[in-house]
Every structure is written in C-alpha cells, then in structure tokens.
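First up is the structure itself, then whatever we jot down about it.
The values are calculated or read from the model by the stated rules, or taken from the named source; none is laboratory data. Being a predicted model, the structure only gives us computed values, none of them experimental. For neighbour counting, all protein chains shown are included, and Cβ atoms are generated from backbone atoms with ideal geometry for every residue, glycine included. Just so you know, the surface numbers come from the protein's heavy atoms only, side chains and all, with ligands and any DNA or RNA stripped out. Shrake-Rupley method; radii C 1.70, N 1.55, O 1.52, S 1.80 Å.
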Amino acid sequence: MKTAVYPGSFDPVTNGHIDVIERALKIFDKVIIAVGDNPEKKPLFSTQERMDMIKESTNHLKNVEIDKLSGLLLNYVKKKNCNIILRGLRAISDFEFEFQRALMNRKIDNEIETLFIMTKESYVYLNSSIVKEMAMFRGNVNPFVPKIVEKRLIEKFKYSKRHKSLDN
C-alpha cells in the first residue's frame, strides 16, 4: 500500500487542502493528514479541533487517516513506515519555501521523497490566514471552507450566519 503523509497546521482546513487530499488519493492508496503546530503561529483552533474538522471534512473519502504530528516530520514519516511527504503548492512563493524544505529533508534522509501537488487554480489565492481574517470581520467564508469549518469559525468569532458583511 503506497502511503503519503500530508503535514500542515490546517488552522483551519480549507477547500484548497481538501482538493489536494482528493487528488492525492488518485495517486496514493492512503493519505495520512498529519496535523501539527507551527511554532511561529498562534493557532485559532486547538490541534484536536483541527483534527475533528478535517475528519468531518474528509468523511466522504476512503483511506484517509488524521493524526497529530509532533516533533520532526522525518521521524514521524519513518514511524508511519512511509517515505513520501506530500505538499500542496499554490504559487511560486510556496514553491521556493517548500523546495528549500524538501532539499533539507533529502539531505537529512535521502530515502524520503517530497512530492508536490498544485492546487486547482480556483484556490491559488486561498490560505488559512485569509479565511480567519475574513471570518473575524464577519465575511462570507462559505465558498472557501467545508461547512463544518464555516460553522466553527462562526462559533469562534461569535456571530450569526445571517449577519451580512459590509462587503456583500
């Protein structure tokens, strides 16, 4: 069984992330979504909340495992008896950062490969930070995130879905 580990903070998971997962499942038998904390960011949602939202957002997919990532990614990948790290790319700026990371990982362990999946062009601009900012200012995040994420963002920022954004 060919397995890939898709690591990220997923704070929150977006439709762009789901797109990468769905497309990866056309290539791999199983995708492990490894939810970690970025030490440079303060997450809006706890690790468990993020894992729960991903689980509900991917319940239509087979062969998806959601797990907590702590420590070095390469150690985690080995522990899972895997040798593929999956990364989503949106733009050139993503590539530059991810390419450096992939080369560093290869230098440490050349048995582990990093594969990139380009997101659909309709999600190129989308990231979790933009979604959180839109939700904080009561913008409509419905087109950008799964239903459960929209619901949790509304709860987190304590507003009614019926509230109309000034932008609408």
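In this structure, does Phe116 turn out to be under 21 Å from Ile32 (Cα atoms), among the aromatic types (Phe, Trp, Tyr) and open to solvent by 40 Å² or more (accessible area, probe 1.4 Å)?
The answer is yes for Phe116.
Here the condition is being open to solvent by less than 80 Å² (accessible area, probe 1.4 Å), at pLDDT below 95, over 16 Å from Ile33 (Cβ atoms) and of a type outside the set (A, V, I, L, M, F, W, C); of Ser122, Ser128, it holds for Ser122 alone. Scanning region 100-148 for residues that are part of a helix (DSSP H, G or I) and more than 27 Å from Thr58 (Cα to Cα) yields Gln100, Leu103, Met104, Asn105, Arg106, Lys107, Ile108. The test for being open to solvent by 10 Å² or more (accessible area, probe 1.4 Å), closer than 24 Å to Glu111 by Cβ, without any contact (Cβ under 8 Å) to a residue 60 or more places away in the chain and not in a loop (DSSP other than H, G, I, E, B) does not hold for Asp94.
Residue selection: Leu166 satisfies the criterion of being over 28 Å from Glu49 (Cα atoms) and either open to solvent by less than 60 Å² (accessible area, probe 1.4 Å) or at pLDDT below 95 (or both).
Inside region 70-91, can you point out the residues that are open to solvent by 40 Å² or more (accessible area, probe 1.4 Å) and under 18 Å from the mean Cα position of the chain (by Cα)?
Hits for region 70-91 are Ser70, Gly71, Leu72, Arg90, Ala91.
Kindly establish whether Asp29 is at pLDDT 95 or above and open to solvent by 30 Å² or more (accessible area, probe 1.4 Å). In short, yes. Considering the conditions (1) in contact (Cβ under 8 Å) with a residue 12 or more places away in the chain; (2) farther than 17 Å from Gly16 by Cα; (3) open to solvent by 40 Å² or more (accessible area, probe 1.4 Å); (4) touching a strand residue (DSSP E or B) at 6+ places or on another chain (Cβ under 8 Å), Ile108 is excluded by exactly one of them, (4).
Looking at region 1-48, which of its residues are assigned to a strand (DSSP E or B) and of a type outside the set (D, E, K, R)? If the condition is that a residue be assigned to a strand (DSSP E or B) and of a type outside the set (D, E, K, R), then Thr3, Ala4, Val5, Tyr6, Pro7, Gly8, Val31, Ile32, Ile33, Ala34, Val35 are the ones that fit.
Consider region 38-69. How many of its residues are open to solvent by 90 Å² or more (accessible area, probe 1.4 Å) and more than 16 Å from Val149 (Cβ to Cβ)?
6
Do the conditions hold for Asp11, that is, is it under 24 Å from Phe157 (Cβ atoms), within 13 Å of the chain's Cα centre (by Cα) and crowded, with 18+ Cβ neighbours inside 10 Å? Considered against the rule, which asks whether it is under 24 Å from Phe157 (Cβ atoms), within 13 Å of the chain's Cα centre (by Cα) and crowded, with 18+ Cβ neighbours inside 10 Å, Asp11 comes out as yes.
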